Amino acid sequence: MSARPTVVIVPGLRGLAPTHWQTWLGHRLADRGETAVTLPLLGRGHTDLAERVAALEAAVQAVDGPVALVAHSAGVATTVHWARRHPGSTGGVVGALLATPPDLVSPLGPEYPSLAELADGGWAPLPVEALPFPGVVAASTTDAIGDLDRVSALAAAWGCRLEVLGPVGHLNPASGFGPWPRAEELLDELVQVAAR
């Protein structure tokens, strides 16, 4: 692979805050002269999975060249559902960083849709087939909406390497992130492996 991939950033249900690590990563990539595209921020009221999968499909189709995916939270669910529904579009994906996915078994909390609402929107159950591209699942030991054992089982089912981050909560601004330099490192590792 000669060109650096375009990074497609797939946010969770709540979108991105200016202080979110995905926002920080997008700025870091721009500073490095690389291209990053963030999916449209649909907001919490948009709980229809099909809408988010369509947005990811459109973003990937718009890229001329290789793609790397960086997903957080419900963005991970969007990504794995997209890979299952659009297998013909996954060939250009060199890798995916899948950070703190929800297990969709643990309640998400009052600021999120209920598990029943998410199931009605098509989110659950999560696919458990192997992804057709390499991936790293970054998991927290203290994520209230992603039990480590369940997330570990998902990573194995998806054929992804598991990176246990320790007690980082849901890896969002409420948990203190902000800049998360390990995201840049993990993304670079995926791209380097794909270039071999």
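The values are calculated or read from the model by the stated rules, or taken from the named source; none is laboratory data. This is a predicted model, so every value here is computed, not measured. No Cβ is skipped: glycine too gets one built from the backbone with ideal geometry, and neighbour counts run over all protein chains shown. Side chains included, ligands, DNA and RNA excluded: accessible areas come from the protein's heavy atoms. Shrake-Rupley method; radii C 1.70, N 1.55, O 1.52, S 1.80 Å.
Roughly how many Å² is the accessible area per residue of the stretch 16-170, as a whole number, for a 1.4 Å probe?
It amounts to 41 Å² per residue over the stretch 16-170.
Per the Debye formula with a single identical scatterer at each Cα and no solvent contribution, what log10 I(q)/I(0) holds for the chain at q = 0.09, 0.16 Å⁻¹?
-0.28, -0.97
Using the Cα centre of the stretch 37-196 as the reference point, and only Cβ charges (+1 on K/R, -1 on D/E), how large is the resulting charge dipole? Debye, rounded to the nearest 20.
200
Round to a whole number: what % of the accessible area of the chain belongs to carbon and sulfur, probe 1.4 Å?
Here carbon and sulfur together make up 55 percent of the probe-accessible area.
For a quick check of understanding: with a 1.4 angstrom probe and all protein chains in place, what accessible area in square angstrom does T35 have, to the nearest ten?
Probe radius 1.4 Å; accessible area of T35 about 80 Å².
How much mean residue ellipticity at 222 nm does the chain get from its helices, if each DSSP H run of length 4 or more adds -39500 (n - 2.57) and you divide by all residues, to the nearest 500 deg cm²/dmol?
My calculation for the chain gives -10500 deg cm²/dmol from helical runs alone.
Is the stretch 102-152 rounded, prolate or oblate when judged by the Cα gyration tensor, a ≥ b ≥ c being the square roots of its eigenvalues, rounded requiring a/c under 1.5 and prolate requiring a/b larger than b/c?
Verdict is oblate for the stretch 102-152.
Would you mind getting me the FRET efficiency between E163 and A3? Use the beta-carbon distance for r and R0 = 35 Å, nearest 0.05.
Details: r = 26 Å, r/R0 = 0.73.
Calculated transfer efficiency: 0.85.
Can you list the HN-Hα couplings for the stretch 72-81, worked out from phi with the Karplus curve (6.51, -1.76, 1.60; θ = phi - 60°), rounded to whole Hz and with x for Gly and Pro?
Rounded to whole hertz, the list is 10, 6, 5, x, 5, 4, 4, 5, 6, 5.
Which of the GluC sites (Glu not before Pro) found in the stretch 84-165 are loop residues per DSSP with 13 or fewer other Cβ atoms within 10 Å of their Cβ?
E111, E129
Around R4, what is the net charge, scoring Lys/Arg as +1 and Asp/Glu as -1 over all other residues with Cβ under 15 Å from its Cβ?
Summing Lys/Arg as +1 and Asp/Glu as -1 gives -3.
Less than 14 Å Cβ to Cβ from T90, Lys/Arg counted +1 and Asp/Glu -1: what total charge do the surrounding residues give? Spell out each step's value before the answer.
Details: positive: R84, R85; negative: E57, E129.
With Lys, Arg at +1 and Asp, Glu at -1, the net is 0.
Determine which residues of the stretch 176-196 fall in the zone a paramagnetic label at E111 would reach in this model, i.e. backbone nitrogen under 20 Å from the point 7 Å along Cα→Cβ.
Counting only backbone N, you get 176-180.
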